[in-house]
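Shown next, in structure tokens, is the structure this report addresses.
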Amino acid sequence: MTFQRKTLRTEVALDGFGLHSGVPVTVRFVPAETGIRFLFGGESIEARPENVLDTTRCTRLGSISTIEHAMAAIAGLEITDIDVVLNAPELPAMDGSAEPFRSAMSRAGIADLGDTEIPDLFSRVFLQEPGGKIAISSGSGHWRYEFSTEGGWPRFQAFETSDIVAGFGSEIAPARTFGFEKEIPAIRAAGLAQGLDFEKALVIGEEGYINTPRFEDEPARHKLLDAMGDIALAGVPVRFLNVVAERSGHRMNVEIARRLRIAVFGE
């Protein structure tokens, strides 16, 4: 498959607080020609599935946590080369979605770096585990995510887009991270979600949303956003993939990205 390599025209920076840590952080998105890298301190980590060290409630690349929303924005803008430079080891929560990252990079402008080619995906990549599955095939950017809960509300939601690149900015990027009201005390006690509040996260109660959703199916859209960011670690442009995921989390997403990378690149 042939596509254009892209980077930013100019550097752009955003300030915020780490999604889980709550620590103040500045992230700079810097034009590059060396693939996608995350940099913190003296560490420079390629955005590849084998460099993911943890998937507990977020995706941690080396020592850098919560990369999935920024990776989704990078993938949605079809950026292939960029340095993501931080002064703390976690991406900022911003508004709980990928939209602030997407809009900042879009304002900075996109520069073409010329055509490149990678091998085609000839076989379907599939992963199934108790409670979840993901299937990826060569395609045209048709993605679907099915979100369901056991017993409690909302029970089942699905979000589907026929063009993940064209629809990303309006349909996917604004969808915020979410949590269940009954789990909040345990999450806080574990020192997680310190950078979130009721403006930055959607809260699901026993019979409906506790705060106002941006979309009626916002959880399904955000789970697709997470899957998009994680699967983009494979290095295959999302517009060339058809993806169906059911109840997958970061661990499954990263594992299917690893399998996809092997299927395409042999590594």
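The values are calculated or read from the model by the stated rules, or taken from the named source; none is laboratory data. Treat the numbers as computed from the prediction; the structure is a model and nothing was measured. Positions of Cβ are generated from backbone atoms using ideal geometry, with glycine treated the same way; all protein chains shown enter the neighbour counts. For accessibility, only protein heavy atoms count, side chains too; no ligands or nucleic acids. Shrake-Rupley method; radii C 1.70, N 1.55, O 1.52, S 1.80 Å.
Here are some notes:
- Excluding ligands, DNA and RNA, the accessible surface per residue across the stretch 228-267 is 33 Å² with a 1.4 Å probe.
- Accessible surface of the stretch 163-267, 1.4 Å probe: 50 percent of it comes from carbon and sulfur atoms.
- Summed over the residues of the stretch 34-177 and divided among them, the accessible surface reaches 40 Å² per residue at a probe radius of 1.4 Å.
- For the stretch 111-262, the spherically averaged projection of the C-alpha convex hull amounts to 10.5 nm².
- Extent along the principal axes, Cα only, for the stretch 1-158: 46, 41, 28 Å, with the longest axis given first.
- Eligible lysines near K200 by straight Cα distance, threshold 23 Å, same-chain separation 8 or greater: K182, K223
- Listed by chain and number, the aspartates and glutamates placed with their C-alpha closer than 18 angstrom to that of K6 are E33, E46, E78, D81, D83, D112, D115, E117; residues fewer than eight positions away on the same chain are left out.
- Candidates R60, R107, R221: whichever shows maximal mean-square fluctuation once the chain is modelled as a Gaussian network with Cα springs under 10 Å: R107
- Pairwise Cα inverse-distance average, inverted: Kirkwood Rh of the stretch 216-261 (Å): 10.8
- With one equal scatterer per alpha carbon and no solvent term, the Debye-computed log10 I(q)/I(0) for the stretch 59-126 at 0.11, 0.23, 0.26 1/Å reads -0.36, -1.08, -1.20.
- For the stretch 239-263 and the stretch 107-178, distance of Cα centres in Å: 9
- Exposed chymotrypsin sites (Phe, Trp or Tyr not before Pro) absent - longest run of the chain, DSSP non-H/G/I/E/B, at most 15 other C-beta within 10 Å: 1-121
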